[in-house]
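A single structure is presented below for examination.
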C-alpha cells in the first residue's frame, strides 16, 4: 500500500522529497536524492544516492535506479527494471519490464525475479534473464549467488555468462553440464591471463 512520507521522514532521509511523493512498501531512497512532485514509487523500488527524479515519474514494483541517475518528467519504469549509475533517461520515456539501461545502451530481459536451487556442487538460477548452472566450492560464501545475480542485473559483471544454459538441467544432466560450464570458465580465465602484445610486437623484425 502506497503512502506519503511525513516531513520528519523526508528530513531524516537527507534527500529532497516533495510532499506529494507516494512510496510503496519496502521502498529505499538513498541520501541526497531529489524527487519531484507526484512521483509514485512502487513496492520494493529503489532510488540511488544523488539521483534526480522529475515530476510525475512512476516506478513499478522492484524498479531500481542507481547512483547519480537523472529521470526526466513523466518517465515510467516497468517491473524489475533497472537504470545504471550515471544514466540520463529523457522526459516521457517508458522503460519495459526486466530491462536494464546503462550509459552503454538498453539490455532487454537482463533483470527480474529468480528462483535458486542449491545442489551438492552447484546452484541453479532461473529467471526472465535466463537459466544458469553455477559451480560451487565448499568455501564459497552463502551470499555468492545473490551477489553474482545482482552484479549481472546491474550490468557490473558478465561472470554468469559462462554458466548460461538453454533450459534448467535435469538431475541426470547436472554432472555433464558442470563439466561444460567449468571448461568455459577455464577458457575465459586463460584468455584473461594471456600476455598482452602491443602493436609494436606484431610488426616484422627489421
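The values are calculated or read from the model by the stated rules, or taken from the named source; none is laboratory data. Keep in mind it's a predicted model, so treat the numbers as computed, not measured. Neighbour counts are summed over all protein chains in view; Cβ atoms, including those assigned to glycine, are modelled from backbone coordinates with ideal geometry.
Suppose we filter 91, 120 for residues that are without any contact (Cβ under 8 Å) to a residue 12 or more places away in the chain and outside any strand (DSSP E or B); which single one remains?
Being without any contact (Cβ under 8 Å) to a residue 12 or more places away in the chain and outside any strand (DSSP E or B) holds for just one of 91, 120, which is 120.
Part of a loop (DSSP other than H, G, I, E, B), crowded, with 21+ Cβ neighbours inside 10 Å and in contact (Cβ under 8 Å) with a residue 40 or more places away in the chain - does that describe any residue in region 68-76? Before the answer, list the steps.
Our first condition is that a residue be part of a loop (DSSP other than H, G, I, E, B); within region 68-76, this holds for 68-69, 72-75.
Okay, now just the ones that are also crowded, with 21+ Cβ neighbours inside 10 Å, so 69, 75.
Still in the list and also in contact (Cβ under 8 Å) with a residue 40 or more places away in the chain: none.
Taking every residue of region 68-76 in turn, none turns out to be part of a loop (DSSP other than H, G, I, E, B), crowded, with 21+ Cβ neighbours inside 10 Å and in contact (Cβ under 8 Å) with a residue 40 or more places away in the chain.
May I ask you to list pairs of residues, at least six apart or on different chains, whose Cβ atoms are under 7 Å apart, with the first in region 169-189 being in the same structural domain as residue 159 (by TED's automatic domain parsing) and the second being surrounded by 11 or more Cβ atoms within 10 Å (Cβ to Cβ) and in a loop (DSSP other than H, G, I, E, B)?
174/119; 177/169; 178/121
To keep it simple, each residue is scored yes or no on (1) over 22 Å from the mean Cα position of the chain (by Cα); (2) surrounded by 15 or more Cβ atoms within 10 Å (Cβ to Cβ); (3) at pLDDT 95 or above; (4) within 30 Å of residue 77 (Cβ to Cβ).
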{"position": "113", "(1), (2), (3), (4)": "no, no, no, yes"}
{"position": "116", "(1), (2), (3), (4)": "no, no, no, yes"}
{"position": "134", "(1), (2), (3), (4)": "no, yes, yes, yes"}
{"position": "141", "(1), (2), (3), (4)": "no, no, no, no"}
{"position": "156", "(1), (2), (3), (4)": "no, no, no, yes"}
{"position": "169", "(1), (2), (3), (4)": "yes, yes, no, no"}
{"position": "177", "(1), (2), (3), (4)": "yes, yes, yes, no"}
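Pick from region 1-27 the residues that are over 13 Å from residue 61 (Cβ atoms) and in a strand (DSSP E or B): which of them is modelled with the lowest pLDDT?
This residue is 3.
So, residue 61, is that one out of contact with any strand residue (DSSP E or B) (no Cβ under 9 Å at 6 or more places or on another chain), at pLDDT 95 or above and outside the structural domain of residue 150 (by TED's automatic domain parsing) or not?
Taking the combined requirement at face value, the residue satisfies it.
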